[in-house]
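The values are calculated or read from the model by the stated rules, or taken from the named source; none is laboratory data. Model, not experiment: these values are computed from the prediction. As a convention, Cβ positions derive from the backbone with ideal geometry for all residues, glycine included, and neighbour counts pool all protein chains shown. Quick note on the areas: whole protein, heavy atoms, side chains included, nothing else; ligands and nucleic acids left out. Shrake-Rupley method; radii C 1.70, N 1.55, O 1.52, S 1.80 Å.
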Amino acid sequence: MLDRYKAYQNHKFQYISVDPTGVILESDHGIFPVTVQTKLQELHPFFEILSSLHATEKQEHQFSCINLEVHENALIVDLVIALQDKDSILIIIENLSSHYTSYQLAAQSRNESVINSQVLELKNEYLLEKERFKNNFIANFSHELRNPLTASIIFGDLLDNSGLDASQKGYLDIIRAANKDLKHKIDDILDISKIESGKLILNTTVFNLKALCDEIVGTYRILAHEKGLEFQLDYDKKLPEFLEGDAFRIKQIITNLLTNAIAFTTTGHVKLALSLNYMRAKKANLHIVVEDTGCGIAKKHHDTIFERFLKIESDALDSQGPGLGLAIVKHLITQMEGNIKVDSTLEEGATFSCNLNFKISDYSPSLKDELLSKQTFTSNEKHHILLVEDAELIQLSILKLLAATGHFYVSIISKGEDLVPSVLDHDVALILISNTIQDVSITDAASAIRKLPRPYKNTPIIALTTQAYKEDMKRFKKAGVAHTITKPFDENTLLEAIYGVLS
């Protein structure tokens, strides 16, 4: 009877013919060993189903993924039970163990992948939330430090012109050096926060490369000599005089490298070298090198020294910085599409070298004089300045600073609601407004002024802010703010901004 099915038989199939009670009439031996005239139910309890199936009118029943364990041989099979006639039932068993095992493994792997993906997503969300908290904390903490530091810097500038004796000037120099160091550390921490949030931007202006270099060398030659080090400068005369780029960030790159070089060097020299790699199509590629004869850096650290908060321990280390300088240098150079490398061996000093591209500017000293002649400040006229600031230290320091020039008289308010009435009641030439005012933002205040009738609506506004991200600058400019000064600032920074806006 089974011969007609033999063409379909292979090692995966077994055909069994039973009577309605389950007694085996005939079978091949493809999968399970069975004995004719024994009951199929004795092979496995699953086949107890035969009696109920025979009572139905359906001629064929299919079962998938059935686990059968016979004589310690566990298999996963598909079954077809076909009612041939009233006296016989055909059972076709297909061994699909490998198929279902593979399917289960694939499903398990997929489930594990989904779970791992969800876990990773939760971890990423946690890390993002942690990063947001850290950046907010850094921004708020630096915000709290900037007002007292601004007051300290400004009063230091005022004291310098108050007839101090030599001893007092020495104390003042210490205070100003401490202020400068604290400002540098705050700026570094805030820059790392900007870098990690993608908010650090480059501001391209025209700058005099030689003048920038001389300014840096003047400071760092003194610092080197204080440690008994020789400071060397190698400046290529072929370098263009005026370039276009972010002068502040270029200075930051060089000064961070020089600060490290002096900190890690006890004897010998520190050298700054600037040279021209090439000029092409009004672009110049500069090669900047900072070299020292200090303690050096082990080769195993060459790939990690540019990571944030990493500090290489050394007996020669006298710097108490947070370990951010090189991380900032690396990011700035990368953002400028340049490159940096280090060549160093322990006890043999270190050499940091970088290459940067700049546009060559057509700017010239004669053009500068022409522009300045058109922006001369009228010194014989007193201007009324309205200061909107709620920090008493900042109020007092700016009041003293501006009064000392003889060019201004100042009105002070500390509430945003008094801004518009003060502008309407007085002949205000300029508004200085801080971002610390609780009941009004700089953009809201500027918008309110611009809605006033002439001539009040044209009153220029300078923002004094503890944070100046790219989006802040855009909002301020869109609202009609003429200039933005980031705290802490010194006397020259504030006066140059005011004179520039009023000229």
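Matching residues to (1) touching a helix residue (DSSP H, G or I) at 6+ places or on another chain (Cβ under 6 Å); (2) free of Cβ contacts under 8 Å to residues at least 24 places away in the same chain; (3) basic (K, R):
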| site | (1), (2), (3) |
| --- | --- |
| E381 | no, no, no |
| A404 | no, no, no |
| D425 | no, yes, no |
| T443 | yes, no, no |
| R475 | yes, no, yes |
| A482 | yes, yes, no |
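Against the definition (of a type in the set (A, V, I, L, M, F, W, C), within 38 Å of the chain's Cα centre (by Cα), modelled with pLDDT of 90 or more and crowded, with 18+ Cβ neighbours inside 10 Å), how does L387 come out, yes or no? First the steps, then the outcome.
Values: of a type in the set (A, V, I, L, M, F, W, C): yes; within 38 Å of the chain's Cα centre (by Cα): yes; modelled with pLDDT of 90 or more: yes; crowded, with 18+ Cβ neighbours inside 10 Å: yes.
Against the criterion (of a type in the set (A, V, I, L, M, F, W, C), within 38 Å of the chain's Cα centre (by Cα), modelled with pLDDT of 90 or more and crowded, with 18+ Cβ neighbours inside 10 Å), L387 qualifies.
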(request) Please find, within region 467-503, the residue that is modelled with the lowest pLDDT out of those that are farther than 18 Å from L399 by Cα and in a loop (DSSP other than H, G, I, E, B). (result) A468
(message) I'm trying to understand the selection: among the residues of region 44-65, which are open to solvent by 30 Å² or more (accessible area, probe 1.4 Å) and either of a type in the set (V, I, T) or touching a strand residue (DSSP E or B) at 6+ places or on another chain (Cβ under 7 Å) (or both)?
(response) H44, F46, I49, H54, T56, Q59, E60, Q62, F63, S64, C65
(message) Can you tell me which residue is nearest to N147 (Cα to Cα) among those in region 493-503 that are touching a residue at least 24 places away in the same chain (Cβ under 8 Å) and not aromatic (F, W, Y)?
(response) L494
(request) Scan region 84-98 residue by residue and report those that are in contact with a strand residue (DSSP E or B) (Cβ under 8 Å, 6 or more places away or on another chain) and either buried (at least 18 other Cβ atoms within 10 Å of the Cβ) or closer than 11 Å to K12 by Cβ (or both). (result) I89, L90, I91, I92, I93, E94, N95, L96, S97
(request) State all residues of region 11-35 that are of a type in the set (D, E, K, R) and open to solvent by 20 Å² or more (accessible area, probe 1.4 Å); if no residue qualifies, say none. (result) K12, D19, E26
(request) Please find, within region 426-459, the residue that is farthest from I398 (Cα to Cα) out of those that are among the small types (G, A, S) and in a loop (DSSP other than H, G, I, E, B). (result) S441
(request) Scan (1) without any contact (Cβ under 8 Å) to a residue 24 or more places away in the chain; (2) surrounded by fewer than 17 Cβ atoms within 10 Å (Cβ to Cβ); (3) within 38 Å of the chain's Cα centre (by Cα) for the single condition R454 breaks and write down its number. (result) (3)
(message) Looking at region 161-190, I want the residues that are at pLDDT below 75 and have a partner that is polar (S, T, N, Q) with Cβ atoms under 7 Å, at least 6 apart or on another chain. Which pairs are those?
(response) I186/S142; I189/S142; L190/S142
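For every residue, the table says whether it meets (1) surrounded by 14 or more Cβ atoms within 10 Å (Cβ to Cβ); (2) in a strand (DSSP E or B); (3) of a type in the set (F, W, Y).
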| residue | (1), (2), (3) |
| --- | --- |
| F231 | yes, yes, yes |
| K237 | no, no, no |
| P240 | yes, no, no |
| E244 | yes, yes, no |
| T265 | yes, no, no |
| V270 | yes, yes, no |
| A273 | yes, yes, no |
| N277 | no, yes, no |
| L286 | yes, yes, no |
(message) Can you pull out every residue in region 457-484 that is more than 29 Å from P148 (Cβ to Cβ) and exposed (fewer than 15 other Cβ atoms within 10 Å of the Cβ)?
(response) K457, N458, K478
(request) Give the residue, chosen from L276, L332, L356, L310, that is over 22 Å from the mean Cα position of the chain (by Cα) and either of a type in the set (A, V, I, L, M, F, W, C) or at pLDDT 90 or above (or both). (result) L276
